[in-house]
Amino acid sequence: MSNSFNREIMAREQLQVLNALDVAKTQWYHFTAIVIAGMGFFTDAYDLFCISLVTKLLGRIYYYQPGSDTPGALPSNVLSAVNGVAFCGTLSGQLFFGWLGDKMGRKRVYGMTLMIMVICSIASGLSFGKNPTAVMSTLCFFRFWLGFGIGGDYPLSATIMSEYANKKTRGAFIAAVFAMQGFGILAGGMVAVIISAAFKAQFPAPVFEVDPAGSTVPQADYAWRIIVMFGAIPAALTYYWRMKMPETARYTALVAKNAKQAASDMAKVLEVELESEQEKIEKMSQEKGNDFGLFSTQFARRHGLHLLGTTTTWFLLDIAFYSQNLFQKDIFSAIGWIPKPQTMNALDELFKIARAQTLIALCSTVPGYWFTVAFIDRIGRFAIQLMGFFFMTVFMFALAIPYHHWTLPDNRIGFVVIYSLTFFFANFGPNATTFVVPAEIFPARLRSTCHGISAASGKAGAIVGAFGFLYAADGIGVRKTLIVLGVVNFLGMIFTFLVPESKGKSLEEMSGEGEEENGSTAESRQTVPV
């Protein structure tokens, strides 16, 4: 029996508290953790995507030129800033809070991110003055900091859930937290439908063709602000419960080296007796080869390809995913699913855009997330990610190559169906798995940091999607843009082969914690499934 194999057996006996978490039956605390972490993601998705619903309304309110025969629209640079600035904040927050989560602990940083989100959601809906520059500047400033708070939620929620979960259903639990994004997108559409319908009923207005100035009632300025500020409510409701969650045992034991506290916290959560094993922790911490840092050759050798895999796949996915999500209203307009702006008043346009997004979310986005939750621990992360990228590639080309065919009035429903299927396979695919895997395969002391780096790489892709798609669609047209996105999805499929399978393994088994520097099991275990 090799030294490394002996050490692996020891690792199972070493810390009772971690073993207890790995083999724990699914209990009530698992579901409370999903809801507490998931409400953060509900808010994240609501805040990030609700802006795409109101950009047309903002254009009508603040950028209408009297005498023009088209409704006001945000200039390209302003539209890019409004759509993309939150992603810049998110990227910064993922890196900063990911690092801070490993330094200060998951729980201490967790409440901070939520408070930033609550304050900035409300502030985004307020503005100084009424002239376009002041309103847009205020909106962009607070959306940057809103994104910064949202960014922190990614590595912390994923890490907390992975460290709380058992081996058997860990993938489903982390995916369930992420699946709350689907409900956030759905809620964004529903809130916008309700607000716009209420304002339409209360303040009727003629369509733009009949009365250009009168088609945008002054009260419409309140509608977008209410929609944007609504995101503060779910975040505020979960703050108290976040503060009551104990620190994860893996952080307390493996990073803070406090066995007594870890055993005490988890004994309450699991409702079992656990003994403190301080001597074992001290023994583990004295062993060489398991204290390497992020920028060490040992990290590069053990986890370098894994980090490359998680960052590239998330980057490529988000280029496609956020392009689709943020600009679906433009695609719907291009194929005639939403009428021409001149035939509607401002609130009617908001209503129809929100209704279209709600239908897409209900029929494809939300089910896709929950398919992942149902199957991730059965067929594995690798298979789901590969399958998702494959079908996204196929459907993108199916839309792009006969694009003219889809623009004909009789074929529009077919376009929407295929477009919906790309969303379904994004969510029953890489959109969920790219979030799950980085929380499982890196060592505890670097887990939050590495997840933050992977997520930030994804947001860099979202920024490319948000800014790039806008200019690409204007410059090379929607058809060629869809072909580019098809190629991006194909590249995502190729880079998936760098990501290891973590189904059914403990976190310590995946990260190789507790093994010698030259331990052969760490390397042999982390082979890529093919």
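What the table shows:
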| read-out | value |
| --- | --- |
| Residues satisfying the stated conditions in the stretch 302-327, i.e. at pLDDT below 90 and open to solvent by 10 Å² or more (accessible area, probe 1.4 Å) | Arg302 |
| Residues within the stretch 394-408 that are part of a helix (DSSP H, G or I) and either open to solvent by 10 Å² or more (accessible area, probe 1.4 Å) or under 20 Å from Ser162 (Cβ atoms) (or both), tallied | 9 |
| Qualifying positions in the stretch 17-55 - over 24 Å from the mean Cα position of the chain (by Cα) and either polar (S, T, N, Q) or part of a helix (DSSP H, G or I) (or both) | Val17, Leu18, Asn19, Ala20, Leu21, Asp22, Val23, Thr26, Gln27, Trp28 |
| Residue in the stretch 332-346 that is open to solvent by 10 Å² or more (accessible area, probe 1.4 Å) and at positive phi present | yes |
| Any hit, the stretch 266-279, residues being under 18 Å from His30 (Cβ atoms), open to solvent by less than 60 Å² (accessible area, probe 1.4 Å), at pLDDT below 90 and of a type in the set (Asp, Glu) | no |
| Pair list, Cβ under 6 Å, 6 or more apart: the stretch 495-508 residue at pLDDT 90 or above, other residue charged (D, E, K, R) and not in a helix (DSSP H, G or I) | Ser502/Glu440 |
| Enumeration of residues in the stretch 415-451 that are under 19 Å from Gly93 (Cα atoms) and open to solvent by less than 10 Å² (accessible area, probe 1.4 Å) | Thr434, Phe435, Val436, Pro438, Ala439, Arg447, Ser448, Cys450, His451 |
| Test: Ile233 is surrounded by fewer than 19 Cβ atoms within 10 Å (Cβ to Cβ) and out of contact with any strand residue (DSSP E or B) (no Cβ under 8 Å at 6 or more places or on another chain) | yes |
| Residue check, Val255 buried (at least 16 other Cβ atoms within 10 Å of the Cβ) and either farther than 24 Å from Leu18 by Cβ or touching a strand residue (DSSP E or B) at 6+ places or on another chain (Cβ under 6 Å) (or both) | no |
| Of all residues making up the stretch 140-157, the number that are closer than 12 Å to Asp47 by Cβ and open to solvent by less than 50 Å² (accessible area, probe 1.4 Å) | 9 |
| Extreme residue, nearest to Glu247 (Cα to Cα), among residues of the stretch 65-123 that are open to solvent by 10 Å² or more (accessible area, probe 1.4 Å), of a type in the set (Ser, Thr, Tyr) and assigned to a helix (DSSP H, G or I) | Ser92 |
| Residues of the stretch 187-230 classified as among the aromatic types (Phe, Trp, Tyr), open to solvent by less than 20 Å² (accessible area, probe 1.4 Å) and more than 26 Å from Ile150 (Cα to Cα), total | 1 |
| Filter pass, Phe495 being surrounded by fewer than 24 Cβ atoms within 10 Å (Cβ to Cβ), within 24 Å of Gly149 (Cα to Cα) and among the aromatic types (Phe, Trp, Tyr) | no |
| Candidates Asp377, Asp474 - the one that is surrounded by fewer than 22 Cβ atoms within 10 Å (Cβ to Cβ) and in contact with a Lys or Arg (Cβ under 9 Å, 6 or more places away or on another chain) | Asp377 |
| Hits in the stretch 208-244 - residues which are in a loop (DSSP other than H, G, I, E, B) and among the hydrophobic types (A, V, I, L, M, F, W, C) | Phe208, Val210, Ala213, Val217, Phe230 |
| Residues located in the stretch 158-171, provided they are open to solvent by 20 Å² or more (accessible area, probe 1.4 Å) and either modelled with pLDDT of 95 or more or hydroxyl-bearing (Ser, Thr, Tyr) (or both) | Thr169 |
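Residues are listed down the side, and each one gets a yes or a no for (1) polar (S, T, N, Q); (2) in a helix (DSSP H, G or I); (3) free of Cβ contacts under 8 Å to residues at least 40 places away in the same chain:
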position	(1), (2), (3)
Asp410	no, yes, yes
Ile413	no, yes, yes
Ser420	yes, yes, no
Leu446	no, yes, no
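The values are calculated or read from the model by the stated rules, or taken from the named source; none is laboratory data. Predicted, not measured: the structure shown is a model, and the values here were computed from it. When we count neighbours, we look across all protein chains shown, and the Cβ atoms used for this are built from the backbone with ideal geometry, even at glycine. Areas reflect the complete protein model, heavy atoms only, side chains present, ligands, DNA and RNA absent. Shrake-Rupley method; radii C 1.70, N 1.55, O 1.52, S 1.80 Å.
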